[in-house]
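Engineer: Got a structure here, written out as structure tokens. Questions coming.
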Amino acid sequence: MNYILFDGTVRNALLPFTFTRAVADIRIGILTIREKWEKYLGYTTTTLTEEYLSEKFPMVEMEDNVMINASFLPNDILAEMVKSLEKNQAIFQDDEVIAFYTNDTQEEVDFDSYEIIEFSEECLTVQHTWDIFAKNDAAMREDFELITDGRHSQPIPKSVNVLSPENIFIEEGAKLEFVTLNASTGPIYIGKNAEIMEGSVIRGPFALCESGRVKLASKVYGATTVGPHSVIGGEVSNSVLMGYSNKGHDGFLGNSVLGEWCNIGADSNNSNLKNNYEEVRLWSYETEGFARTSLQFCGLMMGDHSKCGINTMFNTGTVVGVSANIFGSGFPRNFVPSFSWGGASGFTTYLTSKAFQTAKIVMARRQVEFSDEDAKILEHVFEITKKYRKE
């Protein structure tokens, strides 16, 4: 069967992360949503997303296809229902479509003509940016079971101070000596060729993905995910780094999400709790206003390719767009548009020519090419986010 993951109705609510990726390629837990579905289904998937993203995230349509709403995370029950779908059948949860069968001759999909199968069980969904960290604990526990089932961990080195070793899984090539791992509060997954440097103290649930690094004497609280080729240091709590991002120095990052190719300067901090302990409101691209999160703890949402200089201070519930460059003293405002250059004293436009030059250098350090596809995507983001910048 040919499976296609589509963005669904939540795509705009997940900006700025979906400016540069399909919903399916958001990382929550250990894996991306796409990687989860592919493991459960036993098939590769393609993507139906925004037109400007379709060159990088293409759709392959065959004679018969099953379309899957990528905002729903799979579990055993849901995956079996999806695999059992037949012609003119669709799976719904309340009014939201989860998956449906289609073929290449259909000009449009009319669910009134479909047999509707109701999914009444529980599953994780990603509907808001803050769900990525708020639901990371549950997603990580599910992924840990999925990834490690029937497999054997590499041995835990004798120098490691460990609690609940049965909840720890170490992949081949990982390096860790003289660190403390407390997996009594949740599983700890250490990916292939990852490294945890000496003196670090980690409390699960925690995931360090392939080639990720935890620097000397870091303090990490769950539920934290360090995506592939990412680096953390200092103090990190309940945060997700999707991949290729660095928070390598002292300073605090909490209840936050960083996209790819982000860099947090030394001694930078974010607040994750308001002084009056009230609910945090977070900028929403969907409503173009500040949305209620129902959360008391909420930190920084930073889109791909954004950076901040040393000693940057982020207020509670700050949203930073794509390719922003933030520096200087004081607190920048709690919504920083894409391609902004500056800080608390004000912003100017970060021109794409300069942003692309930096991106090429940053990506080359990880042996990744800044492609023409990447440039076209960022050019499009630059244009559609002009209205948020004072130019």
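Engineer: Of all residues in region 95-116, which are among the aromatic types (Phe, Trp, Tyr), outside any strand (DSSP E or B) and touching a residue at least 24 places away in the same chain (Cβ under 8 Å)?
Structural biologist: Of everything in region 95-116, just one residue is among the aromatic types (Phe, Trp, Tyr), outside any strand (DSSP E or B) and touching a residue at least 24 places away in the same chain (Cβ under 8 Å), namely Tyr114.
Engineer: Can Ile77 be described as more than 19 Å from Thr44 (Cβ to Cβ) and in contact (Cβ under 8 Å) with a residue 40 or more places away in the chain?
Structural biologist: Yes, satisfied.
Engineer: Which one of Asp149, Asp137 is on the phi < 0 side of the Ramachandran plot, open to solvent by 50 Å² or more (accessible area, probe 1.4 Å) and touching a residue at least 24 places away in the same chain (Cβ under 8 Å)?
Structural biologist: When all the criteria are applied, what remains is Asp137.
Engineer: Further question: State all residues of region 273-288 that are closer than 26 Å to Thr385 by Cα and either in a loop (DSSP other than H, G, I, E, B) or touching a Lys or Arg at 6+ places or on another chain (Cβ under 9 Å) (or both); if no residue qualifies, say none.
Structural biologist: Scanning region 273-288 gives Val280, Arg281, Leu282, Tyr285, Glu286, Thr287, Glu288.
Engineer: Within region 204-236, track down each residue that is in a strand (DSSP E or B) and among the hydrophobic types (A, V, I, L, M, F, W, C).
Structural biologist: Phe206, Ala207, Leu208, Val214, Val220, Val226, Val231, Ile232, Val236
Engineer: While we're on this one: If Asn255 satisfies every condition in (1) open to solvent by 10 Å² or more (accessible area, probe 1.4 Å); (2) over 20 Å from Gly317 (Cα atoms) but one, which is the exception?
Structural biologist: The single condition Asn255 does not satisfy is (2).
Engineer: Return the residues of region 134-168 that are within 17 Å of Gly222 (Cβ to Cβ) and assigned to a loop (DSSP other than H, G, I, E, B); say none if nothing qualifies.
Structural biologist: Correct list: Lys135, Ser164.
Engineer: Okay, next question. Restricting attention to region 253-297, report how many residues are out of contact with any strand residue (DSSP E or B) (no Cβ under 6 Å at 6 or more places or on another chain) and touching a residue at least 40 places away in the same chain (Cβ under 8 Å).
Structural biologist: 8
Engineer: Out of everything in region 63-87 that is open to solvent by 50 Å² or more (accessible area, probe 1.4 Å) and in a loop (DSSP other than H, G, I, E, B), what residue ends up being nearest to Leu124 (Cα to Cα)?
Structural biologist: Result: Ser84.
Engineer: So for region 293-308 (the condition being part of a loop (DSSP other than H, G, I, E, B) and over 21 Å from the mean Cα position of the chain (by Cα)), does at least one residue qualify?
Structural biologist: No, there is no match, as no residue in region 293-308 is part of a loop (DSSP other than H, G, I, E, B) and over 21 Å from the mean Cα position of the chain (by Cα).
Here's the yes/no breakdown for (1) farther than 16 Å from Ile4 by Cβ; (2) within 19 Å of the chain's Cα centre (by Cα):
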residue	(1), (2)
Lys36	no, yes
Tyr43	no, no
Pro58	no, no
Met81	yes, no
Gln93	yes, no
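Engineer: Any chance you could count how many residues in region 1-34 are assigned to a loop (DSSP other than H, G, I, E, B) and more than 25 Å from His229 (Cα to Cα)?
Structural biologist: Selection size over region 1-34: 3.
Engineer: Please state which one of Asn270, Asn276, Asn325, Asn311 is within 23 Å of the chain's Cα centre (by Cα) and open to solvent by 20 Å² or more (accessible area, probe 1.4 Å).
Structural biologist: Asn325
The values are calculated or read from the model by the stated rules, or taken from the named source; none is laboratory data. Everything numeric in this text was worked out from a predicted model, so none of it was measured. Glycine gets a Cβ as well: all are built from the backbone with ideal geometry, and neighbour counts include every protein chain shown. Note: areas computed on protein heavy atoms with side chains; ligands, DNA, RNA excluded. Shrake-Rupley method; radii C 1.70, N 1.55, O 1.52, S 1.80 Å.
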